[in-house]
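First comes the structure, then the notes that go with it.
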Amino acid sequence: MISFELGVEDLAHTRFALSPLGETVLSLRVLRDPGVSVLHLPWRRSVLARIAGLGGGLDTGLLLSLVADLLTLPDFLTPRPAVFEPHFEDELAVVRSTPPDRVRRDLLAAHAPHPLPAPLHAATAPGDGPVTALRDTVCELLHRYWEIAIRPVWPQIRLVAEADMTYRARQLARGGARLLFADMHPQLRWEDAGSRGFLRVHRTIGGYEAKACGRGLLLVPSVFAHKCAPPVCPDEPPSLLYPSRGAATLWEAEPEPVLRNGADAAGRAAGDALVLLLGAPRARLLRMLAEPAATAELARRLRVTPSAVSQHLRVLHAAGLATRTRHGRQVLYRRSRLGDRLTAGG
């Protein structure tokens, strides 16, 4: 078990962030072992086909050796995001500047108790030269892999992660830290202890206890995380990569085009009172608004244009069935109480 002790100041400094590099590194687990997350198999097949098309131009042996047999990953490959949404290149620059001693330490810690695989043997060679060269080679490979595997789908991944953070922020506002962590993952337990609190991460490979000491807690949702991933080494600031809600919607089969041909869908659902009242497109949207969502996220999930979704959202809002609030650069829609009652009765 890994345990973080958080004081009042640490809770006040708890923040969320996105990490394109973190998603890139975590996706290597799925590439190495498809059994880690069956829902990502469509993405995996697509990426493997693209890599095969390179004719051996990407050293997948070295890339996949970064994932240990126990599926742990070296901490230096997932640096703590300094801003809410860092650029991939900026995060990779942090990795490039990692001191050789730390690269060596993190690789050994991630693979313990097993020895390093052959592609990583340079990390144990005498002097700093070999491990520095290994670090730089890994960075080049990660950049190429990002361009092939993650960058094309990053807009969709970002929308899913942002929707998760909106939900978590709402949980925090409603019930504090206990409600924030209540349904984040079965591994997590929050324990109040007066002016302090303990976040317990159960069923981890290793174990340690760490005090935040004013450094706060960083929470990073990830569509490729199959379980919570705190730092392997206790010296790192408290952070947690955790499985994002909604990841299963990323590669799902295209739904019925109800927003393009609502009449057909309404005919098939003639017995549905809500469909008969609102029409199939708006009924489907109203059901999706149990949690706050932005127009772009709804459009992605429905595989239609944002303008099509926006038109129906305006009608639902005007009818008092949905509320809208501004959250940063986005406008988030959610069912109103009237919408909840109507959906429950429909």
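The values are calculated or read from the model by the stated rules, or taken from the named source; none is laboratory data. Here the structure is a predicted model, which is why all the values come from computation and not from measurement. When we count neighbours, we look across all protein chains shown, and the Cβ atoms used for this are built from the backbone with ideal geometry, even at glycine. Surface areas here come from the heavy atoms of the whole protein model, side chains and all, with no ligands, DNA or RNA. Shrake-Rupley method; radii C 1.70, N 1.55, O 1.52, S 1.80 Å.
So how many residues does region 85-118 have that are outside any helix (DSSP H, G or I) and either modelled with pLDDT of 95 or more or over 19 Å from residue 26 (Cβ atoms) (or both)? Residues that pass the stated criteria total 11. Selection of strands (runs of 3 or more DSSP E) fully inside region 154-222 by the criterion of at least 1 residues being touching a residue at least 60 places away in the same chain (Cβ under 8 Å) returns 196-201, 208-211, 218-222. Scanning region 317-329 for residues that are closer than 20 Å to residue 163 by Cα and free of Cβ contacts under 8 Å to residues at least 60 places away in the same chain, which turns out surrounded by the fewest Cβ atoms within 10 Å (Cβ to Cβ)? Only one residue fits best here, namely 329. Among the residues making up region 275-316, those that are surrounded by fewer than 18 Cβ atoms within 10 Å (Cβ to Cβ), in contact (Cβ under 8 Å) with a residue 24 or more places away in the chain and not aliphatic (A, V, I, L, M) are 287, 291, 303.
Within region 191-204, the set of residues being within 21 Å of the chain's Cα centre (by Cα) and surrounded by 13 or more Cβ atoms within 10 Å (Cβ to Cβ) comprises 199, 200, 201, 202, 204. Note on region 35-84: residues that are in a loop (DSSP other than H, G, I, E, B) and either touching a Cys at 6+ places or on another chain (Cβ under 8 Å) or of a type in the set (D, E, K, R) (or both) total 3.
Considering only residues in region 32-51 that are β-branched (Val, Ile, Thr) and under 21 Å from residue 147 (Cα atoms), the one that is least open to solvent (accessible area, probe 1.4 Å) turns out to be 47. The set of residues in region 216-246 being open to solvent by 20 Å² or more (accessible area, probe 1.4 Å), under 14 Å from residue 14 (Cα atoms) and of a type in the set (Gly, Ala, Ser) consists of 239 alone.
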